[in-house]
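The next block holds one structure in the form of structure tokens; read it before the comments.
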Amino acid sequence: MTEPQFYAWRRTLAERDVQTMRRRHAKRKPAKFVPVTVLATGAVEVRCPSGHVVTLPSMDGDTLRQLFVALAKEPAC
């Protein structure tokens, strides 16, 4: 394989990867946002579309991130 062929294939494969990612992204459902309120006490209040309200004590960002990742795996609240 010559050097120009190598770069042509590299470009072709990169373009194919971009197209694949676009197709995968197009199939995803848009993210749903729910209202989140930070209370004066530092607690976080999440209002689910179902009407449930979850109030969480003050916690660091990593703990909140882990919580939301875990909730994302479950059916919508």
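The values are calculated or read from the model by the stated rules, or taken from the named source; none is laboratory data. Keep in mind that what you see is a predicted model, and the values were worked out from it rather than measured. FYI the Cβ positions are ideal-geometry reconstructions off the backbone, even for glycines, and counts take in every protein chain you see.
Report, ordered by the first and then the second residue, all pairs with beta carbons closer than 6 Å, sequence separation of six or more or different chains, a first member in the stretch 41-53 that is surrounded by 11 or more Cβ atoms within 10 Å (Cβ to Cβ), and a second member that is modelled with pLDDT under 75 and outside any loop (DSSP other than H, G, I, E, B).
Val44/Val38; Glu45/Thr37; Val46/Val36
How many residues are over 18 Å from Leu39 (Cα atoms), at pLDDT 75 or above and among the polar types (S, T, N, Q) when one looks only at the stretch 49-77?
So the answer is 1.
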